[in-house]
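To keep things clear, I will list the structure first and then write my remarks on it.
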């Protein structure tokens, strides 16, 4: 046990935790994202907690393998959505880094946090607060959250588009209830609402409209709502099954349904396996078209964003959690060491596929 | 929004009408595989890349831009 804090108010540390996770994402378009995620947390005996998280990410968008504007490069231009500052660099991979820092403090159900993310063309900040409280003999937990984010977008030089700088503000609210139903069953349900105001299109993406290339334009306002529910059931053989459903709708007339299930099982006391499957289906936004007849689009809006089209998607995979405590018995200061390894595959009806690998090592002291 | 409110209202009787489970009966509920934030960090990372692929994911702000990878 160690003591931290001002000399007149030392509080005992109940638990300290350090973690490192490596996460790798690669998709059929050969876009890859590698993340190094570090986490440090401390929980005091007086109920005060603090956490710091740092994430360093490298994003690689592959080179375009045909001349800019040529028919062969159309897909690369519209889907890779990367800046090209001169003709030569279109034929080399585009690499960018993203650094994120997040700090939070919690005390007796109240939490306050700040997040900042920096890239060469995007700067994002967010503050959030959350409060939760137990009721009915700790069988019901109610939680309310509020986030405010403000982003600055500064497109780098691009030969094909004249994406102007812009900003985006997001206000997000959530209300979540968690109810113990039986000694082995928990129900969790919530609603979320967010209001987004500002630049919401990709400044590097062009759309074919009226026989030419024009920049994407999305409405500047978007109100988003969702409702979700999850049931978790413990099974006597040392496993649990979680089933969840989410319904989403917004004022761009896009709605979606998501159904998922996770089966988590103890193989031994220190080895857990988790399998999952997720199905997702969405409708198209009201201004999405495969082809626009005029450069003014639909009421002035145009999009080449695959996320606004109608499609369905599947995700499945597995993950192992291995407690390595027995290998660290001689180190008294280490309480717990966990290794995680995971693989998931994602594919959708627009012929997009992705492989997601994850490895993690977490230690608590 | 209307449908969301209806869904929330339908859940209210479930949330308020449940039999009380005593603390000593919650052994299984405290098991890591039952805790709701067992994979909370993984779910946050997942939200980030799903936000780049699906139109209804995300929207909570602050997840970085990634203009060039979306």
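The values are calculated or read from the model by the stated rules, or taken from the named source; none is laboratory data. Quantities reported herein were computed from a predicted structural model and do not represent experimental measurements. Methodologically, a virtual Cβ is constructed for each residue, glycine included, from the backbone with ideal geometry; neighbour enumeration extends over all protein chains shown.
Overview of results
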{"quantity": "Selection within the range A:116-140 - farther than 23 Å from residue A:170 by Cα, in a strand (DSSP E or B) and within 7 Å of chain B (Cβ to nearest Cβ)", "calculated": "A:140"}
{"quantity": "Candidate set: the range B:39-63, residues that are facing chain A (nearest Cβ under 7 Å) and modelled with pLDDT of 85 or more; chosen: the one nearest to residue A:35 (Cα to Cα)", "calculated": "B:53"}
{"quantity": "First in the range B:18-38 and more than 7 Å from chain A (Cβ to nearest Cβ) and modelled with pLDDT under 85, second anywhere and surrounded by fewer than 19 Cβ atoms within 10 Å (Cβ to Cβ) and in a loop (DSSP other than H, G, I, E, B), Cβ under 6 Å, 6 or more apart", "calculated": "B:38/B:32"}
{"quantity": "Residue tally, condition surrounded by fewer than 17 Cβ atoms within 10 Å (Cβ to Cβ) and either touching a helix residue (DSSP H, G or I) at 6+ places or on another chain (Cβ under 9 Å) or assigned to a strand (DSSP E or B) (or both), over the range A:196-212", "calculated": "3"}
{"quantity": "Test: residue in the range A:148-170 that is at pLDDT 95 or above and either on the phi > 0 side of the Ramachandran plot or more than 11 Å from chain B (Cβ to nearest Cβ) (or both)", "calculated": "no"}
{"quantity": "So residue A:176, is it assigned to a strand (DSSP E or B), surrounded by 15 or more Cβ atoms within 10 Å (Cβ to Cβ) and touching a residue at least 60 places away in the same chain (Cβ under 8 Å)", "calculated": "no"}
{"quantity": "Test result for residue A:238, at the interface with chain B (Cβ under 10 Å from one of its Cβ atoms), surrounded by 14 or more Cβ atoms within 10 Å (Cβ to Cβ), over 19 Å from residue B:47 (Cα atoms) and more than 22 Å from the chain's Cα centre (by Cα)", "calculated": "yes"}
{"quantity": "Breaking point among (1) within 28 Å of residue A:22 (Cβ to Cβ); (2) in a strand (DSSP E or B), for residue A:331", "calculated": "(2)"}
{"quantity": "Matching entry among A:246, A:262, A:205 (being within 10 Å of chain B (Cβ to nearest Cβ), touching a residue at least 60 places away in the same chain (Cβ under 8 Å) and touching a strand residue (DSSP E or B) at 6+ places or on another chain (Cβ under 8 Å))", "calculated": "A:205"}
{"quantity": "Residue in the range A:289-306 that is without any contact (Cβ under 8 Å) to a residue 60 or more places away in the chain and within 14 Å of chain B (Cβ to nearest Cβ) present", "calculated": "no"}
{"quantity": "Residue match in the range A:300-321 (condition: closer than 19 Å to residue A:205 by Cβ, assigned to a loop (DSSP other than H, G, I, E, B) and touching a helix residue (DSSP H, G or I) at 6+ places or on another chain (Cβ under 9 Å))", "calculated": "yes"}
